[in-house]
1. How big is the Kirkwood radius of the range 180-320, worked out from every pair of different alpha carbons and given in Å to one decimal?
2. Taking the highest mean first, how do the peptides 286-295, 219-228, 162-171 order by number of other beta carbon atoms within 10 angstrom per residue?
3. Could you go through the range 55-70 in sequence order and give the Karplus-derived ³J(HN,Hα) for each residue, using 6.51 cos²θ - 1.76 cosθ + 1.60 with θ = phi - 60°, rounded to whole Hz, and x for Gly and Pro?
4. Modelling each spin label as a point 7 Å along the Cα-to-Cβ direction, I'd like the Ser118/Ala327 distance in nm, to one decimal.
5. Work out from phi, with θ = phi - 60° and the Karplus expression 6.51 cos²θ - 1.76 cosθ + 1.60, the ³J(HN,Hα) of each residue of the range 103-111, listed in order in whole Hz, and give x for Gly and Pro.
6. Working from the pairwise distances between different alpha carbons, so that the mean of 1/r is found and then inverted, what is the chain's Kirkwood radius in Å?
7. Of the listed pairs Lys88/Lys334; Lys16/Lys59; Lys85/Lys326; Lys69/Lys333; Lys206/Lys334; Lys85/Lys201, which have alpha-carbon separations greater than 18 Å here?
8. Taking the alpha-carbon distance from Lys147 and a cut-off under 16 Å, which aspartates and glutamates remain once sequence neighbours fewer than 8 residues away in the same chain are dropped?
Amino acid sequence: MLIVMQSHASEEKIEKVVEFIKEKGFDAHVSTGEDHTVIGAVGRKIIDKRDIELLDGVKEVIRITSPYKLVSRVFKPDDTVIDIKGIKIGGGNIGMIAGPCSVESYEQMDATAQKLHSYGVKILRGGAFKPRTSPYSFQGLGEEGLKILRSVADKYNMLVTSEVMEVNQIPLFLKYVDILQVGARNMQNFNLLTNLGEIRKPILLKRGLSATIEEWLMSAEYIMAGGNREVILCERGIRTFEHMTRNTLDISAIPVVQKISHLPIMVDPSHATGLRDKVAPMSKAAVAAGADGLIIEVHNNPDTALCDGAQSLYPEQFADLFAELKALAEVIKKNFS
Ligand code: PEP
Ligand code: MN
């Protein structure tokens, strides 16, 4: 941390700041220029920089180290590759997750999975516990939904992901699910994140509706700090002033995150746009921008979907898109796992 003193700050004020930071457990390195004195505070302690900004004679406090450690490339320079039963995500391997918004019935999941499997999709999605904006909307089938998801996935030799909403649901998810999804609305449920840090299954961490990239990475840090190193980030659109799409897909988050962090980053073009016809162009944009994977809503019959039908692709639409994405991946020397 660098503390820049106001020009010509008195010796006494400088000394008080030095004493303050030493009391907080930092070493102080004072360098005096013609106008300004700069104090370098070096240490591993966490301090609220506003506490220093308020001290007499302080002009500005500049943080030079990032608050996240384990998620950062400083800690681990190489890309993290998540390997789930041989299916790889990250480091040149693009993951593809597809399936309906929610599990509605065995027949619906079976019909959808059968098609997706025939197109080469290896990971199936489907919500069993749904975080709906309205309490009157379909809330999901609960454990029954997880059972359906598992049995259909096993039938087609696929992996599954589903959203966990509460700490007490974790044991249930460990039983049925390969990747536990943390939804946008729970990105800062720190108690849930801490508990997910204790398990040893990959976590798909969605970006919060209004979360900055730094806040999102700090949430990943919570999971990693507990010892679970398998975190996949997922950009799913953020809330902006624009209403033509459900959210605004932040494509630039992909290269920004990849520069700072070694963790794979996937993109959810379905929740980002909320509109079926926008899913293909945004999927292509995400792959072109370097995304490590996509999670796309596909329903065997979107017109009858209980949730998010308007943003769900028809299976044939998805098949065409997946073929195009594979061709695109080849151009950038990556491949779909
Ligand atoms: C979902 O993927 O089913 C979902 C609810 O997404 P999000 O948390 O991104 O809104
Ligand atoms: Mn959905």
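1. Kirkwood hydrodynamic radius for the range 180-320: 15.4 Å.
2. Final packing ranking: 286-295, 219-228, 162-171.
3. These are the phi-based 3J(HN,Hα) values: 6, 4, x, 8, 8, 7, 10, 10, 7, 10, 10, 7, x, 9, 10, 5 Hz.
4. Result for the modelled spin labels: 2.2 nm.
5. Per-residue couplings from phi come out as 6, 10, 6, 4, 4, 5, 5, 5, 5 Hz.
6. Across the chain, the inverse of the average 1/r is 21.6 Å.
7. From the list (Lys88/Lys334; Lys16/Lys59; Lys85/Lys326; Lys69/Lys333; Lys206/Lys334; Lys85/Lys201), the Cα-Cα distance tops 18 Å for Lys85/Lys326; Lys69/Lys333; Lys206/Lys334.
8. Reachable aspartates and glutamates: Glu104, Glu107, Asp110, Glu163, Asp178.
Quick note: the coordinates plus some simple rules give every number you see, no bench work behind them. Keep in mind it's a predicted model, so treat the numbers as computed, not measured. Quick reminder, even Gly has a Cβ in these numbers, built from the backbone with ideal geometry, and neighbours come from all protein chains shown.
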